[in-house]
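Below is one structure, written out as structure tokens; comments come after it.
What follows draws every value from the coordinates through simple rules; no lab data is involved. Quantities reported herein were computed from a predicted structural model and do not represent experimental measurements. Here the Cβ positions follow ideal geometry from the backbone for every residue, glycine too, while neighbour counts run over all protein chains shown.
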Amino acid sequence: MSSQKRIVVKIGSSLLAHSKQLTLRYAFMHGLMSDIAQLKSEGYDVVLMSSGAVALGLNTVGKTPEDAGLLDKQAAAACGQLLLLNAYRNVAHEFGFDIAQILVTIGDMEERRRFINTKNTIERLFDHSIMPIVNENDTVTTQELRVGDNDRLAAKVAQMIQADHLIILTSIDGLYDKPPSAPDAKFIEKLEDVSEYLSVTEGTSALGSGGMLTKLQAANMAQHAGCNTIIAEGIMERPLLSVLGNERRHTKCVAFGTPASAWKVWLTNRLQVAGSMTMNQKAADELVANGGPITHADIISVHGHFQKGDILHVYDENDVEIARGLTNFSSDEALLLARHPEAGTAELLGYSAALPDLIASKNLVVLEENHLPWDVPTDELQLVSSSQ
């Protein structure tokens, strides 16, 4: 963990924009920035993950959340970013600090070099006591290339800067064991295994793109990075200090102790599935017991179209996800190698690979039980042999 105290704060659109007028809620913003100023004075580095640009820009392009298409939302984001950042800058100056904006795409989080470049930018801003405000670059992302929710993106940033706390402020006071409207719903104050409550997490807000499911997914990602997650209601006065001081109720998802290396945390905590492989059961059992590598003789099917350097999800024949790792070959190359396990790489591909295994041991992590699994991919399945 970083020796510096660090917090990532995620704010949803419904807290920043009035649902009807689609205008800024300045009272909430003032309370938020006042708390951030106090945290900075206590020695904390703070990153703000802020939604709201699309919602605030819809009036400018003459659309509503209900009738806005993708191009409308991209245009609205371009308009709303100006309104949002100008408001943040003005309020931050009232409390004596500066802000900077970092717009990212999923590639900035999933591709290692760009991930490190983003981290270095944030670190330099910290050096100058400037608070980064991070958001997905909604002006350029398409449905296929976007993260889709700022909850998990905030968890990736928490992982990136080795934060102590991820605070997710939302329109509800925390997690319940069933829909909060149920008369016998029980509030959950503390949890370690978020998978116990995935079945009660459906639904999103009118303005937001994530519901309680994405918050629990984000919490699980943060747990593996050694970061506690707090899910709480975004009130106007002391929205951060009141939960950090345990003055009002909230749900706390507890970190899993000392995290793995930064490399392994990055490998295993993904925002998007690039592709996957299924191993024969004997090889899968050996992998779980003794680790990698994964060779092309171990594979019985390949899913999706991926490139060398992508992170793959690895399953056994019972559709249980057992590992994640960085592939040394594209999907077409992996399929060709797996169909001819007796042949050499140079013979099949026309070149000698520096790392002949599909996934090398150093680039592979066997998942622990407390990792949230991904659904088994069902599209673009390519079997290694027609007999399987």
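Restricting the GluC sites (Glu not before Pro) of segment 229-267 to loop positions (DSSP other than H, G, I, E, B) with no more than 10 neighbouring Cβ atoms within 10 Å leaves E247. In summary, the aspartates and glutamates within cross-link reach of K10, defined as a Cα separation below 17 angstrom excluding same-chain residues under 8 places away, comprise D35, D45, E136, D138, D149, D151, D164, D173, E233, E237. Amide H contacts under 5 Å for I300: T278, M279, N280, restricted to partners 5 or more places along the chain or on a different chain, H placed in the peptide plane at 1.01 Å from N.
Each residue of segment 167-174 is assigned a 3J(HN,Hα), and the resulting list reads 10, 10, 8, 9, 8, 10, 7, x Hz, derived from the Karplus form 6.51 cos²θ - 1.76 cosθ + 1.60 (θ = phi - 60°), x at Gly and Pro. Counting other Cβ atoms within 10 Å as a rough exposure proxy, the listed residues S41, S171 run S41, S171 from fewest neighbours to most. Segment 63-131 and segment 256-296 have Cα centres lying 32 Å from one another. Electrostatic tally near H296: other residues with Cβ closer than 11 Å to its Cβ, Lys and Arg +1, Asp and Glu -1, net -3. Checking the a/c ratio against 1.5 first, then a/b against b/c, what shape does the Cα gyration tensor give for segment 273-383? Prolate shape, in that a/c is at least 1.5 and a/b is the bigger ratio. Across segment 243-249, computed HN-Hα scalar couplings (Karplus, 6.51 cos²θ - 1.76 cosθ + 1.60, θ = phi - 60°) run 7, 5, x, 6, 8, 9, 6 Hz from first to last residue, x flagging Gly and Pro. A cut-off of 5 Å between modelled amide H atoms, ignoring neighbours fewer than 5 places along the same chain, links A17 with R25.
Neighbours of E123, meaning other residues whose beta-carbon lies under 11 angstrom from its beta-carbon, give a summed charge of +1 when Lys and Arg score +1 and Asp and Glu score -1. Taking amide hydrogens as placed 1.01 Å from N in the peptide plane, the amide H of G275 sits under 5 Å from those of H313, each at least 5 positions away in sequence or on another chain.
So what's the back-of-envelope 222 nm ellipticity for the chain, counting only DSSP H runs of four-plus at -39500 (n - 2.57) apiece and dividing by all residues, rounded to 500?
On the way: 13 runs with 135 residues, N = 388.
Helices in the chain give a 222 nm mean residue ellipticity of -10500 deg cm²/dmol.
Note on the chain: dipole from Cβ charges, positive end direction compared against A76, Y88, H165; the farthest Cα belongs to Y88.
Let me check I've understood the local charge: for P65, count other residues with C-beta under 14 angstrom from its C-beta, Lys and Arg +1, Asp and Glu -1. What total comes out?
Summing Lys/Arg as +1 and Asp/Glu as -1 gives -1.
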